[in-house]
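Enquirer: Attaching a single structure in structure tokens format; questions to follow.
The values are calculated or read from the model by the stated rules, or taken from the named source; none is laboratory data. Note that the structure is predicted; figures quoted are calculated from it, not measured. Cβ sites come from the backbone with ideal geometry, for glycine too, and all protein chains shown count toward neighbours. The protein model used for the area step is the full one, side chains on, heavy atoms only, and it has no ligands, DNA or RNA in it. Shrake-Rupley method; radii C 1.70, N 1.55, O 1.52, S 1.80 Å.
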Amino acid sequence: MTNSISAAETGKPDMIWGILMLICGFLAIAVPLASSIGVAVVIGWVVLISAVWHLLFGFRSGSGIGGFLWQLLLAIVYGAAGLMILLYPLAGLAWLTLVLATFLLIEAALEFVLYFNIRRRVSAGWVLVDAVITLLLGILIWAQWPFSSAWAIGTLVGVSLIFSGISRLMLSSALSRGTTAAAKPAV
């Protein structure tokens, strides 16, 4: 009985998170430039914090002057990149969008290779569908760059949040149904 109660209790917070993720996803799609800049700022801070860690690691590594200089050089590169993204988020966003487009094109090529290696397997066609969609998205972002910077990252983050919210809602709903089904005796 305690398992049913604890499972039902954990289902409600998951449903709330799912609903919040859905709302945030729709907001990110509604204002893609603002959400894209938000992502760029977060990435800028992560890169800047990585610079500090490289610097600290250089002092603590004990790998000699060569190791320290290497870590110092990495800290300078990371620090400069992080500061540039934070000080000029639109330019940083443009470069992040270009990296995203390049990533999608490379991913599509690898998915095509994967498809041709597994094409005789059941449901291998889904890999081909994924490859085609990824290729089209990469081409769309690349062809419209730098103007795609205004919508690409924010829209993709929004879509990801929506699907994460849906999956969270479905899992918590299944958990709630499972506890209800477990509480009822089988006929």
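Enquirer: Would you please name the residue that is modelled with the lowest pLDDT, looking only at residues in region 138-156 that are part of a helix (DSSP H, G or I) and open to solvent by 50 Å² or more (accessible area, probe 1.4 Å)?
Expert: Of the residues in region 138-156, the ones part of a helix (DSSP H, G or I) are 138-143, 147-150, 152-156.
Among the residues that remain, those that are also open to solvent by 50 Å² or more (accessible area, probe 1.4 Å) are: 139-140, 142-143, 147, 156.
Values: 139: 93, 140: 91, 142: 92, 143: 93, 147: 88, 156: 85.
This residue is 156.
Enquirer: Please identify the pairs in which a residue from region 120-135 that is open to solvent by less than 70 Å² (accessible area, probe 1.4 Å) has its Cβ atom under 7 Å from the Cβ atom of a residue that is β-branched (Val, Ile, Thr), counting only partners at least 6 apart or on another chain.
Expert: 124/118; 127/118
Enquirer: In region 81-106, which residue that is among the hydroxyl-bearing types (Ser, Thr, Tyr) and either in a helix (DSSP H, G or I) or under 20 Å from residue 142 (Cα atoms) (or both) is nearest to the chain's Cα centre (by Cα)? Talk me through it step by step, then tell me what you get.
Expert: Taking region 81-106 as the starting set, the residues that turn out to be among the hydroxyl-bearing types (Ser, Thr, Tyr) are 88, 97, 102.
Then drop every residue that is not either in a helix (DSSP H, G or I) or under 20 Å from residue 142 (Cα atoms) (or both), which leaves 97, 102.
On the way: 97: 13, 102: 16 Å.
Top of the filtered list is 97.
Enquirer: With respect to residue 78, is the statement that it is more than 22 Å from the chain's Cα centre (by Cα), under 29 Å from residue 138 (Cβ atoms) and crowded, with 17+ Cβ neighbours inside 10 Å true? Lay out the reasoning, then the answer.
Expert: On the way: more than 22 Å from the chain's Cα centre (by Cα): no; under 29 Å from residue 138 (Cβ atoms): yes; crowded, with 17+ Cβ neighbours inside 10 Å: yes.
It is false that residue 78 is more than 22 Å from the chain's Cα centre (by Cα), under 29 Å from residue 138 (Cβ atoms) and crowded, with 17+ Cβ neighbours inside 10 Å.
Enquirer: While we're here: Here are some residues: 93, 128. Which one is out of contact with any Leu (no Cβ under 8 Å at 6 or more places or on another chain) and over 20 Å from residue 31 (Cα atoms)? Working first, answer last.
Expert: Values: 93 fails: over 20 Å from residue 31 (Cα atoms).
Only one candidate qualifies: 128.
Enquirer: Name the residue that is least open to solvent (accessible area, probe 1.4 Å), counting only residues in region 61-70 that are more than 32 Å from the chain's Cα centre (by Cα) and modelled with pLDDT of 80 or more.
Expert: Selected residue: 68.
Enquirer: Follow-up question, since we're still on this one. Considering only region 49-60, state which residues are under 22 Å from residue 153 (Cβ atoms) and open to solvent by 40 Å² or more (accessible area, probe 1.4 Å).
Expert: Listed by number, the list holds a single entry, 49.
Enquirer: What single numbered condition from (1) surrounded by fewer than 18 Cβ atoms within 10 Å (Cβ to Cβ); (2) among the hydroxyl-bearing types (Ser, Thr, Tyr); (3) farther than 29 Å from residue 54 by Cα fails to hold for residue 102?
Expert: (3)
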